[in-house]
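Notes follow once the structure below has been shown.
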Amino acid sequence: MHAVYCPPFRRFTKATFLLAFLPLFGQAAPSEEELFFKNISEVNDGDLRFLTKAPDRLAHHHRNHITLTPASLGSGWVRLEQCHQYLDPVPSSQIVYNQDRIRALRIVRAENIERAWVHEHSVQMENIRHDALLCIEAESLALQNDGANGYVLHNGPYMRRFLDGYYPMRVSMRVSLGGSGLRFDSLTPAAQPGFNVRISQAEVGYDTWFEGRLTTAIRFVETGQ
């Protein structure tokens, strides 16, 4: 998937987010000011860099809430609630999911978007304005058996990319354990400045600003072991 760029000082015509496992891969056109007035030496070329301070300009915030159930252990299917906030203002955009790992996809909220609709395993949008928000609900095939009574939830790579540059993006993840019979075991990457982790008996999650490509893995084990 790609973002198509028009000649300088025109609008970007297309932005695409490809979500293969959960909200996985994203490509988005940064603002014209970001593209043309950011020093070329400052453009991230894909190396992951956590930001300890949010950028001055509002940027794409990707919020996820995943709920595990006892049935998830056998089937791998989890409940997904997902919101994309501060989408880049472009004439058209799409969020594309892996067709084998998504089902029951529906839009539950759309703001400052002239038209949004589900088409097969994607969400299509037209005339996205500033401060746009899109929220969906779905079921995602995301939980993998890791052996030795363990399970792993893989997410990523997350990115906000245009051409060869990677721009700031915020990702928030919240995983509710519910009655799944699992407890948190480990998270990769580990907590560090710019990558904030929250852990309790009922939930685990993280919140981060970053540039580049981010991939995470949350491991759980059965509570009886």
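Laboratory data are not the source of any read-out in this text; all were calculated from the coordinates shown. No experiment lies behind these values; they were computed from the predicted model shown. When we count neighbours, we look across all protein chains shown, and the Cβ atoms used for this are built from the backbone with ideal geometry, even at glycine.
Given R₀ = 30 Å, what would the calculated FRET efficiency be for THR223 paired with ASN196, taking r from the Cβ atoms and rounding to 0.05? Can you show the working numbers first?
On the way: r = 25 Å, r/R0 = 0.84.
Calculated value: 0.75.
Given an 8 Å cut-off on Cα distances and at least 6 residues of separation, report the relative contact order of segment 43-99 as a percent. Spell out each step's value before the answer.
Numbers: 40 pairs, mean separation 18.9, N = 57.
So the answer I get is 33 percent.
Return the sequence-ordered ³J(HN,Hα) values of segment 122-129 in whole Hz as given by the Karplus equation 6.51 cos²θ - 1.76 cosθ + 1.60 applied to θ = phi - 60°, using x for Gly and Pro.
9, 10, 9, 9, 10, 6, 7, 9
Working from the pairwise distances between different alpha carbons, so that the mean of 1/r is found and then inverted, what is segment 148-201's Kirkwood radius in Å?
Numbers: mean 1/r = 0.0716 Å⁻¹.
Hydrodynamic radius (Kirkwood, Cα pairs) of segment 148-201 is 14.0 Å.
Once the Cα gyration tensor of segment 68-182 is found, what semi-axes does its equivalent ellipsoid get, as square roots of 5 times the eigenvalues, in whole Å, sorted largest first? Don't jump to the answer; show the numbers that get you there.
Values: eigenvalues 171, 53, 32 Å².
The three semi-axes for segment 68-182 are 29, 16, 13 Å.
Would you please give the residues with an amide H less than 5 Å from that of ARG160, counting only those at least 5 places away or on a separate chain, with H modeled from the backbone geometry?
Close amide H contacts, sequence-distant or interchain: TYR167, GLY212.
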